[in-house]
Amino acid sequence: MRFTLRQLEYFIAAGETGSITQASERINISQPSISTAISQLELELDVQLFVRHHAQGLSLTPAGRSMLLEAKRLIEQAESLYSVASEASDEVRGQLNVGCLTTLAPMILPELALSFTSGFPRASIRPHADNQEMLLSGLRRAVIDVAVTYDLQIPDDVEFTPLVDLPVHALVGESHPLARHSAVTLQELAELPMVFLDLPLSSEYFLALFMKEGLQPNIAFRIAHPDIIRTMVANGYGYTLANVTPRSDTALDGRKVVRVRLSGDHRPMTIGFATLKSLRKSRLLTAFANHARAFISDAYIPGMVAPAMSQKRR
């Protein structure tokens with residue numbers, strides 16, 4: 001064989017991103033190096049892997065799609081050699097692809113990854129943030145090894161380990177009429193304008209809260225980005241419902257938001273980590289799972305006000 005694993009890695013990055021530019025940013029390699037590696041790979045294998053679109057990136061050819069699957073399998077097999085070696089030497093090392101739900105990632109993922117790699121300096125974390133559907137798909141496609149997420153519609157082929165429950169609450173701007181209330185009901189909220197978190201599965205969870213009470217929310221805005229929602233709420237566009245409790249009560253524009261307890265018996269969101277049941281748990285993945293169990297609990301959640309502390313403040 002006259003192609004290298006490095007060439008395959010560059011090809012995989014370009015194939016998954018559909019762009020030499022994005023592949024370069026993802027793996028921190030220059031664009032000419034990636035282009036050259038792909039051209040050499042195509043020449044060696046005598047096959048066209050991509051259709052090049054001027055100023056619009058790349059698209060895989062049918063042969064390229066087949067090659068992408070095989071290349072990923074080959075890289076996984078090569079990486080497993082490190083797992084075998086680390087298990088033989090009783091050392092935790094290697095790269096772990098960790099996915100995290102978009103709403104949780106800014107708070108949880110950086111501190112969790114840093115604390116893990118501080119304890120295991122031969123290990124590295126590659127972070128991925130996405131919605132629930134894409135995280136589950138990423139586990140199945142081996143794009144990620146583990147996902148830190150909620151217990152939302154976990155399928156039978158995925159193992160979910162719960163870590164901490166997050167109750168739902170209302171979020172309003174500091175000038176909102178409900179800002180001085182210690183608690184609020186869904187009945188009081190239903191007719192008010194709502195800035196709705198429009199993400200797959202998460203949106204179904206929030207709508208189900210109202211449906212259970214026989215209510216229909218007055219959705220004024222549907223937004224898929226939590227930071228935009230916090231800023232809109234802080235500026236008085238309406239309220240929102242959330243389970244995430246950032247330590248900061250400030251939106252990105254500097255305005256304040258106020259968290260109000262939601263009265264009633266409502267299903268919480270449970271943060272945990274998910275892996276494929278069929279996945280062989282490497283020493284690296286097992287070490288990360290043990291670290292996550294010890295690091296995230298009712299007493300402490302990275303970047304958030306933990307439920308135990310929240311109860312004390314009330």
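Per atom type, the chain shows carbon and sulfur on 52% of its accessible surface, probed at 1.4 Å. Go through [x] 1.03; [y] 0.94; [z] 1.24 and flag the label whose value is the computed Rg/Rh (Cα atoms, Kirkwood Rh) for this structure. Of the labelled values, this structure produces [x]. Charged side chains reduced to their Cβ positions (Lys and Arg at +1, Asp and Glu at -1) give the chain a dipole of some 540 debye around its Cα centre. Sketch the reach of a paramagnetic label on Phe3 as a point 7 Å from Cα along Cα-to-Cβ, and name the residues of segment 49-79 whose backbone nitrogen lies under 13 Å away. Backbone N within reach: 49-50, 61, 63-75.
Site-free segments of the chain were taken between GluC sites (Glu not before Pro) in DSSP loops having at most 16 other Cβ atoms within 10 Å, sites themselves excluded; the longest one is 214-314.
Spatially, segment 221-281 and segment 20-51 are offset by 39 Å when compared through their Cα centroids.
Shown here for segment 1-34: trypsin sites (Lys or Arg not before Pro) in loop regions (DSSP other than H, G, I, E, B) with at most 11 other Cβ atoms within 10 Å, namely Arg2. Placing +1 on each Lys and Arg Cβ and -1 on each Asp and Glu Cβ, with no other charges, gives segment 166-314 a dipole about its Cα centre of roughly 780 debye.
A full extension of the chain between Glu25 and Thr250 corresponds to an added length of 77.9 nm, given 0.36 nm per residue minus the alpha carbon distance. Each 5 Å bin from zero up to the one holding the largest Cα-Cα distance in segment 65-197 carries the following percent of pairs: 2, 8, 13, 15, 15, 15, 11, 7, 5, 3, 4, 3, 0. The Kirkwood radius of segment 240-287, taken over pairs of alpha-carbon atoms, gives through the Stokes-Einstein law at 25 °C and 0.890 mPa s a diffusion coefficient of 164 µm² s⁻¹. Among the trypsin sites (Lys or Arg not before Pro) in segment 186-279, those placed in a DSSP loop whose Cβ has at most 13 other Cβ atoms within 10 Å are Arg247, Lys277. On full extension, the segment bounded by Asn97 and Ala220 gains 40.6 nm, given 0.36 nm per residue less the C-alpha separation.
Excluding ligands, DNA and RNA, the accessible surface per residue across segment 126-167 is 44 Å² with a 1.4 Å probe. Summing charges over all other residues whose Cβ lies under 15 Å from the Cβ of Arg65, with Lys and Arg as +1 and Asp and Glu as -1, gives 0. The number of Lys pairs in the chain with C-alpha atoms less than 29 Å apart, excluding pairs fewer than 8 positions apart on the same chain, is 4.
Summing charges over all other residues whose Cβ lies under 14 Å from the Cβ of Ile12, with Lys and Arg as +1 and Asp and Glu as -1, gives +2.
Using the Cβ of Leu45 as centre and a radius below 12 Å, the other residues enclosed give a net charge of -3, where K and R count +1 and D and E count -1. Computed about its Cα centre, the charge dipole of segment 114-225 is approximately 380 debye, with only Lys, Arg, Asp and Glu carrying charge at their Cβ. Each Cα pair of segment 194-258 feeds into the Kirkwood radius, which the Stokes-Einstein equation turns, at 37 °C and 0.692 mPa s, into a diffusion coefficient of 267 µm²/s.
Of the trypsin sites (Lys or Arg not before Pro) in segment 132-205, the ones in a loop by DSSP (not H, G, I, E or B) with at most 12 other beta carbons within 10 Å are Arg141, Arg180. When the Cα positions of Phe196, Ala306, Ser182 are compared along the charge dipole of segment 177-314, Ala306 comes out farthest toward the positive end, with charges on each C-beta of Lys, Arg, Asp and Glu. Per-residue ellipticity at 222 nm, computed for the chain from helices alone with -39500 (n - 2.57) per DSSP H run of at least four residues, works out to -13000 deg cm²/dmol. Annotation: the antiparallel percentage among DSSP beta bridges lying fully within the chain is about 60.
The values are calculated or read from the model by the stated rules, or taken from the named source; none is laboratory data. Computed from a predicted model, the values in this text were never measured in an experiment. We place every Cβ from the backbone using ideal geometry, glycine too, and count neighbours over all the protein chains shown. Please note that ligands, DNA and RNA were not included when accessible areas were found on the heavy atoms of the full protein model with its side chains. Shrake-Rupley method; radii C 1.70, N 1.55, O 1.52, S 1.80 Å.
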